[in-house]
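The values are calculated or read from the model by the stated rules, or taken from the named source; none is laboratory data. Just so we're clear, the structure is a prediction, and the values are computed from it rather than from any experiment. Note: ideal-geometry Cβ built from the backbone for every residue, glycine included; neighbour counts use all protein chains shown. Calculation scope for accessible area: heavy atoms of the full protein, side chains included, ligands and nucleic acids excluded. Shrake-Rupley method; radii C 1.70, N 1.55, O 1.52, S 1.80 Å.
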Amino acid sequence: MAFVALVAFIILLFPLIIAALLGDEIHIFEQLPTYIDAIVFYIGQGMDIVWLFVPKSISLVCMSFSITANVLRYTYKFILWVLKKVPFLHIS
(Lines give C-alpha, C1' and ligand atoms only; values in the text may rest on other atoms or scores of the structure.)
Protein backbone atom coordinates (compact mmCIF):
# COMPACT_ATOMS: atom_id res chain seq x y z
CA MET A 1 0.00 0.00 0.00
CA ALA A 2 2.81 2.38 0.88
CA PHE A 3 4.55 1.49 -2.36
CA VAL A 4 1.44 2.52 -4.31
CA ALA A 5 1.36 5.82 -2.47
CA LEU A 6 5.04 6.42 -3.27
CA VAL A 7 4.48 5.59 -6.94
CA ALA A 8 1.49 7.96 -7.08
CA PHE A 9 3.62 10.70 -5.48
CA ILE A 10 6.41 10.15 -8.02
CA ILE A 11 3.87 10.17 -10.85
CA LEU A 12 2.57 13.50 -9.55
CA LEU A 13 6.05 15.03 -9.40
CA PHE A 14 7.32 13.73 -12.74
CA PRO A 15 5.29 16.03 -15.03
CA LEU A 16 6.12 19.03 -12.88
CA ILE A 17 9.84 18.33 -13.14
CA ILE A 18 9.69 17.73 -16.90
CA ALA A 19 7.61 20.87 -17.41
CA ALA A 20 10.08 22.90 -15.36
CA LEU A 21 13.04 21.56 -17.33
CA LEU A 22 11.57 21.82 -20.82
CA GLY A 23 9.12 24.69 -20.44
CA ASP A 24 5.38 24.89 -20.06
CA GLU A 25 4.59 23.91 -23.65
CA ILE A 26 4.41 20.16 -22.92
CA HIS A 27 0.97 18.60 -23.36
CA ILE A 28 2.00 14.95 -22.96
CA PHE A 29 0.69 14.65 -19.41
CA GLU A 30 -2.85 15.94 -19.92
CA GLN A 31 -4.46 12.57 -19.12
CA LEU A 32 -2.36 11.99 -15.99
CA PRO A 33 -4.93 13.37 -13.48
CA THR A 34 -7.54 10.89 -14.69
CA TYR A 35 -5.11 8.00 -14.18
CA ILE A 36 -4.27 9.22 -10.68
CA ASP A 37 -7.96 9.60 -9.87
CA ALA A 38 -8.52 6.02 -10.99
CA ILE A 39 -5.64 4.77 -8.81
CA VAL A 40 -7.01 6.61 -5.77
CA PHE A 41 -10.51 5.27 -6.47
CA TYR A 42 -9.31 1.65 -6.62
CA ILE A 43 -7.22 2.09 -3.47
CA GLY A 44 -10.32 3.41 -1.71
CA GLN A 45 -12.37 0.43 -2.88
CA GLY A 46 -9.71 -1.93 -1.57
CA MET A 47 -9.62 -0.17 1.78
CA ASP A 48 -13.36 -0.75 2.22
CA ILE A 49 -12.64 -4.48 2.31
CA VAL A 50 -9.84 -3.98 4.86
CA TRP A 51 -12.13 -1.87 7.07
CA LEU A 52 -14.52 -4.83 7.36
CA PHE A 53 -11.90 -6.69 9.42
CA VAL A 54 -9.83 -3.90 11.01
CA PRO A 55 -11.32 -0.73 12.52
CA LYS A 56 -10.83 2.34 10.34
CA SER A 57 -9.05 4.37 13.02
CA ILE A 58 -6.48 1.64 13.66
CA SER A 59 -5.86 0.95 9.97
CA LEU A 60 -5.36 4.65 9.18
CA VAL A 61 -2.79 5.04 11.97
CA CYS A 62 -0.95 1.86 10.91
CA MET A 63 -1.04 2.92 7.26
CA SER A 64 0.39 6.35 8.05
CA PHE A 65 3.20 4.77 10.09
CA SER A 66 3.92 2.36 7.25
CA ILE A 67 4.03 5.11 4.63
CA THR A 68 6.26 7.26 6.85
CA ALA A 69 8.65 4.37 7.48
CA ASN A 70 8.91 3.60 3.77
CA VAL A 71 9.48 7.24 2.85
CA LEU A 72 12.25 7.49 5.45
CA ARG A 73 13.83 4.24 4.26
CA TYR A 74 13.84 5.24 0.59
CA THR A 75 15.09 8.73 1.45
CA TYR A 76 17.95 7.22 3.47
CA LYS A 77 18.83 4.85 0.62
CA PHE A 78 18.79 7.70 -1.90
CA ILE A 79 20.96 9.97 0.26
CA LEU A 80 23.39 7.13 0.90
CA TRP A 81 23.52 6.37 -2.84
CA VAL A 82 24.34 10.02 -3.57
CA LEU A 83 27.02 10.11 -0.88
CA LYS A 84 28.61 6.93 -2.23
CA LYS A 85 29.10 8.73 -5.54
CA VAL A 86 31.46 11.26 -3.87
CA PRO A 87 34.86 9.55 -3.96
CA PHE A 88 36.69 11.48 -1.24
CA LEU A 89 34.10 10.58 1.44
CA HIS A 90 35.15 6.87 1.31
CA ILE A 91 31.63 5.61 2.01
CA SER A 92 31.12 2.03 0.94
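Worth pointing out:
- At most 10 other Cβ within 10 Å, DSSP loop - trypsin sites (Lys or Arg not before Pro), region 54-92: Lys85
- With all protein chains modelled, accessible area of Val86 [1.4 Å, Å²]: 40 Å²
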